[in-house]
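A short worksheet on the structure shown next.
The values are calculated or read from the model by the stated rules, or taken from the named source; none is laboratory data. Source: prediction; values computed, not measured. Positions of Cβ are backbone-derived with ideal geometry, glycine not excepted, and every protein chain shown enters the neighbour counts. Note: accessible area is taken over every heavy atom of the protein model, side chains too, but ligands, DNA and RNA are not part of it. Shrake-Rupley method; radii C 1.70, N 1.55, O 1.52, S 1.80 Å.
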Amino acid sequence: EGSYELRQRRYKAFDDAWALYYSGKYREAAAAFETLVKNPGQMPVTMKPFILNGLAWSRLGLREIVEAEKLFKASLQELPNGAEATAGIGLIAIERKEWEKAEKALMDATAVLPGLPAVAEGFAALYSARFGRYDQAWALYNQGKYSDAVKAFEALLDKPGDLPASYLSFVRGAIGWSQLALGQIDRAENSFNRILPAAKMDEAEAKSGFGWIALRRNKVEQA
């Protein structure tokens, strides 16, 4: 009861600001956090970085990326290696398609505070941005829509977007598996041949495909 009363007296304005944020009222939340930056009331000085974080997330919710970044950096000056601000920097890097910077920031944040929701959100956004179309193409394959899968993988091969270059061999392999499922054995063989020469893992994908093609051609020993 005492802890609740203390929370009400010292942190009510802080909690109310977060309530505005979580209800999607980012502009009102930003105004509330800005008031707390100027006048934190009875809150301890150690709360300053967390107030700045709240303001930063609110600005990010308003798509004010540059201002949000400044605020997260200001928070990190107050609390070096702060997990929440570090995660925020990671999400901003995702917005800018700075993949390596984003991944490093998210890894640093989770090392400080495992299980932080902002980190999980960041990794999900990072994965979706880079691998979303790849996964969608595989979803078509897994649904048995092999012709659509071929088109989706070919489009990805033509315009890979932000997919890492190391995945292109697997895109070619996926085209091969889709063609094989359609009974297009010669085309599948050509797709797997396009993987070579390659790294060991990519080469394994191709050789596996050749094995299945040999089975389809009744060449058991070769398979």
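List of remarks:
- Summing charges over all other residues whose Cβ lies under 14 Å from the Cβ of Ala111, with Lys and Arg as +1 and Asp and Glu as -1, gives -2.
- The length gained by stretching the chain between Glu98 and Ala139 to full extension, at 0.36 nm per residue less their Cα-Cα distance, is 12.1 nm.
- Heavy-atom accessible surface of the range 96-209: percent carbon and sulfur, 1.4 Å: 53
- Note on the chain: helix-only mean residue ellipticity at 222 nm, from DSSP H runs of 4+ residues weighted -39500 (n - 2.57) and normalised by residue number, equals -25000 deg cm²/dmol.
- Size descriptor, Kirkwood hydrodynamic radius, that averages inverse alpha-carbon separations across the chain, Å: 20.8
- Dipole orientation for the chain: of the candidates Tyr26, Val66, Phe192, Phe192 has the Cα lying most toward the positive pole (charges on Cβ; Lys, Arg +1; Asp, Glu -1).
- Note on Asn193 and Glu28: with the Förster distance fixed at 41 Å, the Cβ-Cβ geometry gives a FRET efficiency of about 0.10.
- In the context of the full set of protein chains, residues of the chain present 58 Å² of accessible surface per residue (probe radius 1.4 Å, heavy atoms only).
- Among the protein heavy atoms of the range 15-76, carbon and sulfur supply 57% of the accessible surface, probe 1.4 Å, non-protein parts ignored.
- Between Lys151 and Ala165, the simple label model (points 7 Å from Cα in the Cβ direction) yields a spacing of 3.1 nm.
- Descending Cα extents along the principal axes, the range 4-78, whole Å: 37, 28, 17
- Phi-based couplings in Hz for the range 63-74 (Karplus 6.51, -1.76, 1.60; Gly and Pro marked x): 6, 8, 5, 4, 5, 4, 4, 4, 5, 4, 5, 5
- Mean Cβ count within 10 Å, highest first, over the residues of peptides 38-46, 95-103: 95-103, 38-46
- Part-to-part distance (alpha-carbon centres) for the range 61-76 and the range 190-223, which is given in Å: 50
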